[in-house]
1. Looking for something touching a Lys or Arg at 6+ places or on another chain (Cβ under 9 Å), open to solvent by 20 Å² or more (accessible area, probe 1.4 Å) and closer than 23 Å to TYR276 by Cα - is there at least one such residue anywhere in segment 222-230?
2. Where the second residue is among the charged types (D, E, K, R) and assigned to a loop (DSSP other than H, G, I, E, B) and the first is on the phi < 0 side of the Ramachandran plot and lies in segment 191-220, which pairs have Cβ atoms under 7 Å and are six or more apart or on separate chains?
3. Got a number for residues in segment 280-313 being modelled with pLDDT of 80 or more and not in a strand (DSSP E or B)?
4. Does LEU252 satisfy being touching a Phe, Trp or Tyr at 6+ places or on another chain (Cβ under 7 Å), open to solvent by less than 30 Å² (accessible area, probe 1.4 Å) and either of a type outside the set (Val, Ile, Thr) or at pLDDT below 75 (or both)?
5. Give the residues of segment 155-195 that are of a type in the set (Asp, Glu) and in contact with a Pro (Cβ under 6 Å, 6 or more places away or on another chain), sorted by residue number.
6. When the residues of segment 135-171 are filtered to those that are in contact (Cβ under 8 Å) with a residue 40 or more places away in the chain and acidic (Asp, Glu), which remaining residue is surrounded by the fewest Cβ atoms within 10 Å (Cβ to Cβ)?
Amino acid sequence: MPSFAYPWLALLLPLPILAYSLLPRHREQRPALRVPFFARLVTLTGARPDGGAVISHRGLVRSLLLGLCWLLAIAALMRPQWIEPPLHFDKPARDLLLLVDLSGSMDTQDFTDASGATVNRLSAVKQVLTDFLKRREGDRVGVIVFGDAPFTLAPFTTDLGLSERLVGEMQVGMAGPRTAFGDAIGLGINMFAKSTVPARTMIALTDGNDTASQVPPDQAARIAKDNGIVIHTIAVGDPAAAGEDKLDEAALKDVASTTGGGYYRALDRQQLATIYDELDRIETRKVDTVTFRPKTELYWIPLGALVILSMLGEGLLLVRWPHRRAAMTANPRAENA
């Protein structure tokens, strides 16, 4: 569909006519020879000045060329475009951040995999997370791992295949043996600082008590709430354990309730998978449909026609056509007019 980016420039089309009508005509004094008996000379010689027709004809052609050139110049300035049919694509509207505990207690062999074999907690978590990520098409997903300190494993990305590979490479103890849950939330808040999407969610999985954080989990949760971040917490530890392996359910519940998220407990892989299925339903995928109409610029067409026409017009005016040559021979004054 043809269109103009600046159609209001069409108001400039009558500008030359207004200037011709309103501005005073150019007057110039030239030295001349007054002949008081000019009429007698005309009578005696029988010669009459007849170059006016040639002059009028040249003036008319030049006026038409100038008018057409002005029209093409305004057309180019109006920036003609060809607008293609609209294209639609989906833009992520949710950032989802996974916080995964890699402390030493995640090596406890009390989970089973899909085949029924006994595996450690982290192996079961990786299997469930991989399935979870496959269903998050349309979201940007990031991954933070934490132990003695939190580390960014994967920044926010729509390349879920990359996130799956990095999750599959996680190892127990790679971030240290202790648990810095509060600091992991703080790092997640910093990652969300550059996020521009409306929906921001953290899913935190831990099996131990926070013993290494500089920022307590409850304080970090309040900051997350102020930034519009919802945190869901998943506990996979044993509440009856002691020391580093003890599960602080009260802290996890407080973090979830403060931010408007949910608290879940997983005693085996099946429960863990069920929790992620529920989270997949709660935190539905969000996308914004963006419409884009490609535009092809066509200003070069009238601009090129303007250049060609102006050069052609000047060339035609310089050519001495046969009828003009005969007129100039009969009346040399017409050439100087």
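1. yes
2. ALA199/LYS286; THR201/GLU283; ASN209/ASP248; ASP210/ASP248; THR211/ARG178; ALA212/ASP148; ALA212/ARG178; PRO217/ASP210
3. Within segment 280-313, the subset modelled with pLDDT of 80 or more is 294-312.
If we keep only those that are not in a strand (DSSP E or B) as well, we get 294, 298-312.
Final tally of qualifying residues: 16.
4. Numbers: touching a Phe, Trp or Tyr at 6+ places or on another chain (Cβ under 7 Å): yes; open to solvent by less than 30 Å² (accessible area, probe 1.4 Å): yes; either of a type outside the set (Val, Ile, Thr) or at pLDDT below 75 (or both): yes.
Against the criterion (touching a Phe, Trp or Tyr at 6+ places or on another chain (Cβ under 7 Å), open to solvent by less than 30 Å² (accessible area, probe 1.4 Å) and either of a type outside the set (Val, Ile, Thr) or at pLDDT below 75 (or both)), LEU252 qualifies.
5. Here is the first cut: in segment 155-195, the ones of a type in the set (Asp, Glu) are 159, 164, 169, 183.
Within segment 155-195, ASP183 is the sole residue that qualifies.
6. GLU137
The values are calculated or read from the model by the stated rules, or taken from the named source; none is laboratory data. This is a predicted model, so every value here is computed, not measured. Ideal geometry is used to build each Cβ from the backbone, glycine not excepted, and the neighbour counts take in all protein chains shown. Please note that ligands, DNA and RNA were not included when accessible areas were found on the heavy atoms of the full protein model with its side chains. Shrake-Rupley method; radii C 1.70, N 1.55, O 1.52, S 1.80 Å.
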